[in-house]
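Undergrad: Supplied in structure tokens, the structure appears directly below.
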Amino acid sequence: MTSQPSKSIASMSALVTQLNMSEPKNWLLADLPAEAQAYIAHDRIFWFEGLDKGNFDLDQFKDLHTANGEYHYVWIEVGQDDKIIVVGRTKFDPQTSDRGDLFRSYRVHLDKSGDEIARLQYGDDYDAEVTDLFEAIETKINAYVKGAVVIPLDVATTADVHQLESEIGDAVVSKYGALNPNSHHIGRETIVVADEA
């Protein structure tokens, strides 16, 4: 599915205000079920610019419940123009340096067959024509990412994490749109492909 028209969130700070109940009349998550609300650490929602792990506020997870020693959170990635890119969820083990897939760079690649064809077509020029081009595209794509809003979850098991991602994602995308408006539903719906033969 293509992106939905996106509206500016004004700033990541403004989005945090709408997520954390500090202004009840503008509360973005007001329609979430009570059981979902109970898992959101509303007073610990934070944002940071630049997807640098050093900017990630690990203190916001202190004393939250973990599932198997891992902390869970929903994240809202924001572009340089203050528009939503995607809503996702991830987990991390505080004993490691990995803070989840929010920090993974966007990659551009060919599938196996496409790569073999490109190697055949470009021969000795493969690196200069294909690899260098893909690296330039990746650099430009990743430079578009301004930062993220992080919503820590206070969960003892992973059972409700997927549902929370969907519910929070729906609320955010409904109001602001997103470049990738469906990612927060991947893996939670059955897709039926009709046989046209």
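The values are calculated or read from the model by the stated rules, or taken from the named source; none is laboratory data. Since the structure is predicted, the reported quantities are computational estimates derived from the model, not experimental observations. Every residue, glycine among them, receives a Cβ derived from its backbone with ideal geometry; neighbour counts consider all protein chains shown.
Undergrad: So which of Ala38, Ala30 is in a helix (DSSP H, G or I) and either aliphatic (A, V, I, L, M) or in contact (Cβ under 8 Å) with a residue 24 or more places away in the chain (or both)?
TA: Just one listed residue meets the conditions, Ala38.
Undergrad: For region 145-166, enumerate the residues that are surrounded by fewer than 19 Cβ atoms within 10 Å (Cβ to Cβ) and over 14 Å from the mean Cα position of the chain (by Cα).
TA: Asp154, Ala156, Thr157, Thr158, Ala159, Asp160, Gln163
Undergrad: Here's something else I'd like to know. Mind listing just one residue for me: the one in region 61-78 that is over 19 Å from Thr158 (Cβ atoms) and touching a strand residue (DSSP E or B) at 6+ places or on another chain (Cβ under 8 Å) and, of those, surrounded by the fewest Cβ atoms within 10 Å (Cβ to Cβ)?
TA: Glu77
Undergrad: Going by the conditions given, is Thr17 more than 16 Å from Ser183 (Cα to Cα), in a helix (DSSP H, G or I), without any contact (Cβ under 8 Å) to a residue 60 or more places away in the chain and out of contact with any Ser or Thr (no Cβ under 9 Å at 6 or more places or on another chain)?
TA: yes
Undergrad: Please state which of the following conditions Gln37 fails to meet, knowing it meets all the rest: (1) modelled with pLDDT under 90; (2) closer than 25 Å to Ile186 by Cα; (3) in contact with a Lys or Arg (Cβ under 9 Å, 6 or more places away or on another chain).
TA: Every listed condition holds for Gln37 apart from (3).
Undergrad: Next question. Filter region 79-105 for residues that are under 13 Å from Ala178 (Cβ atoms), touching a Leu at 6+ places or on another chain (Cβ under 9 Å) and not charged (D, E, K, R); which is surrounded by the most Cβ atoms within 10 Å (Cβ to Cβ)?
TA: Ile84
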